Amino acid sequence: MIEQSRLKPPATIIVGEVVRLRNKLDWFERLPLFGQRIVITRAREQAGTLALRLRALGADAAELPSIEIRPTEDYSALDSAIANLGVYDWLIFTSANGVRFFSIGWIDRLTTCGRSAAASPR
């Protein structure tokens, strides 16, 4: 039976009346993400909360940060865009991190470029 089931150590075999309780005790196997492996590639400081939530739903969540969020070393492209604000109609962010970094540093960059945060008429 062990060979047919391809059991490999470590393995636990349960015998006796307790086996009848399986349907009552298999709650973890009924979670919506049970058996799913999910790799979280968010920044290290942001991955933990998501991993906990996924594990609570039964997932095997692995944290593998593939990005690092930090200020840029070269602001020349941003400063050039600020110098030409009048040609833009929209400002589109592609992530919550972009919004956070923009909201933290935009007044500093405007000031550095000699601009004001006050809206100017077109």
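The values are calculated or read from the model by the stated rules, or taken from the named source; none is laboratory data. Quick caveat, the model's predicted, so the values are computed rather than measured. Neighbour counts are summed over all protein chains in view; Cβ atoms, including those assigned to glycine, are modelled from backbone coordinates with ideal geometry. Quick note on the areas: whole protein, heavy atoms, side chains included, nothing else; ligands and nucleic acids left out. Shrake-Rupley method; radii C 1.70, N 1.55, O 1.52, S 1.80 Å.
With coordinates expressed along the principal axes, the C-alpha atoms belonging to the chain extend over 80, 26, 20 Å, beginning with the largest. With respect to the chain, whose longest principal axis is taken over its alpha-carbon atoms, helix 96-112 is tilted by about 20°.
For segment 52-122, the per residue solvent-accessible surface stands at 80 Å², with DNA, RNA and ligands left out and a 1.4 Å probe. Protein heavy-atom surface of segment 32-100, 1.4 angstrom probe: 56% of the accessible area is carbon and sulfur, with nucleic acids and ligands not counted. Entry note, the chain: the mean residue ellipticity at 222 nm calculated from DSSP H runs of n ≥ 4, each adding -39500 (n - 2.57), is -10500 deg cm²/dmol after division by the residues and rounding to the nearest 500.
The magnitude of the dipole of the chain, with charges of +1 and -1 set on the Cβ of Lys/Arg and Asp/Glu and taken from the Cα centre, is near 480 debye.
When each of the peptides 51-64, 72-85 is scored by how many other beta carbons lie within 10 Å of its residues on average, the order from highest to lowest is 51-64, 72-85.
For chymotrypsin sites (Phe, Trp or Tyr not before Pro), the sites in segment 5-36 that DSSP calls loop and that have at most 14 other Cβ atoms within 10 Å are Phe34.
Every Cα-Cα pair of segment 20-64 was included, and the share exceeding 12 Å stands at 59 percent.
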